[in-house]
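*Asks:* Have a look at this one before I ask anything.
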Amino acid sequence: MAEDRRTVDSDRPFTEALRVREGFGLSDLDPRSTPAFTGRKADGKAALLEHDDELSSLQEQLYAASVGGDSRRRVLLIVQGMDTSGKGGIMRHVVGRVDPQGVQITAFKKPTEEELRHPFLWRIRKRLPEPGKIGVFDRSHYEDVLVVRVHDLVPQQEWSSRYATINDFEQELVEDGITVIKVMLHISAAEQKERLGKRLDRPDKHWKFNPGDIDERENWSDYQEAYQAALERCNIDAAPWFVVPADRKWYARLAVQQLLLEHLRALDLRWPVATFDVEEQKARLART
């Protein structure tokens, strides 16, 4: 296992290797690359399992600090990506490894009629994580500058004003004690085509296939342009973007796990101090 750990604990953290910086171009990033990781598939899978216990422990500490103390800290993991980019795998293999009591997962679908009657952030605010929780958004408010932009669902003046609104919103979240981790899973058109083909070839995967996914492939370049704009215009210091190459599922899962771990470590979490006399309670227990 020591060999596997060295492949992850490189001199360059995942938060550094995957963060969007000035001049970043989505088209310049190889979707099959593995930044900050030098191992192969087997190493990546082993490393993912190796760090499960630490992730679970940090999540429990975050939760305990709010239940057994007065901490209002929480984490919001936002996962965006084209269809088949691996969002579901992240939910199962990364988020699914921690205590479900401390996690709130929301998969945002097409807005309902009620949601459309409100400002676009209305439904997002309703699903923000409670203190001590890790909130996970499978898609998010960014759909309102992605799908909405590509399909001209609202006038350009309206969707273009949303970038600034999103920046203000995310700054507000951070100031309120929420650690925001924004991840885009970057998949290639060729890999998406292969994954859609596998869904069609396997009867046990037909339920995951949506004919509309093929329609959306016709808008691939428009989506890449929309993502590039979101990455550039909503990349504030308080809540930067991280782009994860996603053609290799095992790497994408490991990368998101490591991003979550590195952010949790940075919180310098501590177990809450007992509000009772521990030795006294031990003595009482011994008498029973």
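*Asks:* Of G23, V75, M91, whose Cα points farthest to the positive end of the dipole of the chain (charges on the beta-carbon: +1 Lys, Arg; -1 Asp, Glu; origin at the Cα centre)?
*Replies:* Comparing the listed Cα positions along the dipole, M91 ranks first.
*Asks:* Across the stretch 206-288, what fraction of all alpha-carbon pairs, as a whole percent, falls in each successive 5 Å bin from zero upward?
*Replies:* 3, 9, 9, 12, 14, 12, 8, 6, 5, 5, 5, 5, 4, 2, 0
*Asks:* Modelling each spin label as a point 7 Å along the Cα-to-Cβ direction, I'd like the R92/H151 distance in nm, to one decimal.
*Replies:* Computed distance between label sites R92 and H151 equals 2.6 nm.
*Asks:* If you count only protein heavy atoms with a 1.4 Å probe, what accessible area per residue comes out for the stretch 191-288, rounded to a whole Å²? Provide the component values of the computation, followed by the final result.
*Replies:* Working: 5680 Å² over 98 residues.
Per-residue value: 58 Å².
*Asks:* If you don't mind, another one. Would you mind getting me the FRET efficiency between R233 and A189? Use the beta-carbon distance for r and R0 = 22 Å, nearest 0.05.
*Replies:* Numbers: r = 24 Å, r/R0 = 1.07.
Calculated value: 0.40.
*Asks:* How far apart, in nm, are the 7 Å Cα→Cβ label points at D52 and D222?
*Replies:* Using points 7 Å along Cα→Cβ, the separation is 4.3 nm.
*Asks:* About its Cα centre, how strong a charge dipole does the stretch 10-57 have in debye, to the nearest 20, once Lys and Arg get +1 and Asp and Glu get -1 at the Cβ? List each step's numbers first, then the result.
*Replies:* Values: 7 positive and 10 negative charges, 51 e Å.
For this selection, approximately 240 debye.
*Asks:* Along the positive direction of the dipole of the stretch 127-236 (beta-carbon charges: Lys, Arg +1; Asp, Glu -1; about the Cα centre), which of N235, S188, P129 reaches farthest?
*Replies:* S188
*Asks:* Can you work out the PRE-style zone for R202? Point 7 Å along Cα to Cβ, and I want the residues of the stretch 240-264 with backbone N under 14 Å.
*Replies:* Output list for this probe position: 249-250.
*Asks:* Treating the beta-carbon of each Lys and Arg as +1 and of each Asp and Glu as -1, no other charges, what is the dipole magnitude of the chain about its Cα centre, to the nearest 20 debye? List each step's numbers first, then the result.
*Replies:* Values: 44 positive and 49 negative charges, 178 e Å.
My answer is approximately 860 debye.
*Asks:* Using a/c under 1.5 as the rounded threshold, could you call the stretch 1-157 rounded, prolate or oblate? The axes a ≥ b ≥ c are square roots of the C-alpha gyration tensor eigenvalues, and prolate needs a/b larger than b/c, oblate otherwise. Intermediate results must be reported in sequence, preceding the final value.
*Replies:* On the way: a/c = 2.23, a/b = 1.25, b/c = 1.78.
Oblate, since a/c reaches 1.5 and b/c is not below a/b.
*Asks:* Assuming a viscosity of 1.306 mPa s and a temperature of 10 °C, what translational diffusion coefficient in µm² per second does Stokes-Einstein assign to the chain, Rh being the Kirkwood radius over Cα pairs?
*Replies:* On the way: Rh = 20.4 Å.
So the translational diffusion coefficient is about 78 µm²/s.
*Asks:* How big is the dipole moment of the stretch 54-205 about its Cα centre under a simple scheme where the beta carbon of each Lys and Arg is +1, that of each Asp and Glu is -1, and everything else is neutral? Debye, nearest 20, please.
*Replies:* Charge dipole, the stretch 54-205, about its Cα centre: 500 debye, nearest 20.
*Asks:* Where does the Debye-calculated log10 I(q)/I(0) of the stretch 51-126 sit at q = 0.15, 0.21, 0.23 Å⁻¹, using only Cα point scatterers of equal weight, no solvent?
*Replies:* -0.70, -1.05, -1.12
*Asks:* May I pose another question? Could you do me a favour and compute the accessible area per residue for the stretch 6-158, 1.4 Å probe, result in Å²?
*Replies:* Numbers: 7900 Å² over 153 residues.
Result: 52 Å² per residue.
*Asks:* Tell me the net charge near L26. Cut-off is 12 Å between Cβ atoms, L26 excluded, with +1 for each Lys or Arg and -1 for each Asp or Glu.
*Replies:* Details: positive: none; negative: D28, D30, E225, E232.
Summing Lys and Arg as +1 and Asp and Glu as -1 gives -4.
*Asks:* Return the sequence-ordered ³J(HN,Hα) values of the stretch 21-26 in whole Hz as given by the Karplus equation 6.51 cos²θ - 1.76 cosθ + 1.60 applied to θ = phi - 60°, using x for Gly and Pro.
*Replies:* 10, 4, x, 5, x, 4
*Asks:* Give the calculated FRET efficiency between A283 and V67 to the nearest 0.05, with a Förster radius of 25 Å applied to their Cβ-Cβ distance. Working shown, then result.
*Replies:* Numbers: r = 25 Å, r/R0 = 1.02.
E(calc), rounded to 0.05, equals 0.45.
*Asks:* On to the next question. Order these peptides, 249-260, 73-84, 29-40, 103-114, by their mean beta-carbon neighbour count within 10 angstrom, highest first. Kindly include the intermediate steps, with their values, before the conclusion.
*Replies:* Values: 249-260: 25.3, 73-84: 22.7, 29-40: 16.6, 103-114: 13.1.
Peptide ranking by packing, descending: 249-260, 73-84, 29-40, 103-114.
*Asks:* Order these peptides, 58-70, 193-205, by their mean beta-carbon neighbour count within 10 angstrom, highest first. It would help to have the intermediate numbers written out before the result.
*Replies:* Numbers: 58-70: 17.9, 193-205: 12.4.
Answer by packing, highest mean first, reads 58-70, 193-205.
*Asks:* Something else now. Pairs of lysines 8 or more apart, or on different chains, with alpha carbons under 16 Å: count those in the chain, would you?
*Replies:* 15
*Asks:* In addition: In deg cm²/dmol and to the nearest 500, what is the mean residue ellipticity at 222 nm of the chain if only DSSP H runs of at least 4 residues count, each as -39500 (n - 2.57), divided by the residue total?
*Replies:* Rounded to the nearest 500, the figure is -13500 deg cm²/dmol.
*Asks:* What percentage of the solvent-accessible surface of the stretch 22-113, computed with a 1.4 Å probe over protein heavy atoms, is contributed by carbon and sulfur atoms? If you can, show how the numbers build up before the last one.
*Replies:* Numbers: 2230 of 4580 Å².
Here carbon and sulfur together make up 49 percent of the probe-accessible area.
The values are calculated or read from the model by the stated rules, or taken from the named source; none is laboratory data. Not measured: the values here are computed from a predicted model. Ideal geometry is used to build each Cβ from the backbone, glycine not excepted, and the neighbour counts take in all protein chains shown. Quick note on the areas: whole protein, heavy atoms, side chains included, nothing else; ligands and nucleic acids left out. Shrake-Rupley method; radii C 1.70, N 1.55, O 1.52, S 1.80 Å.
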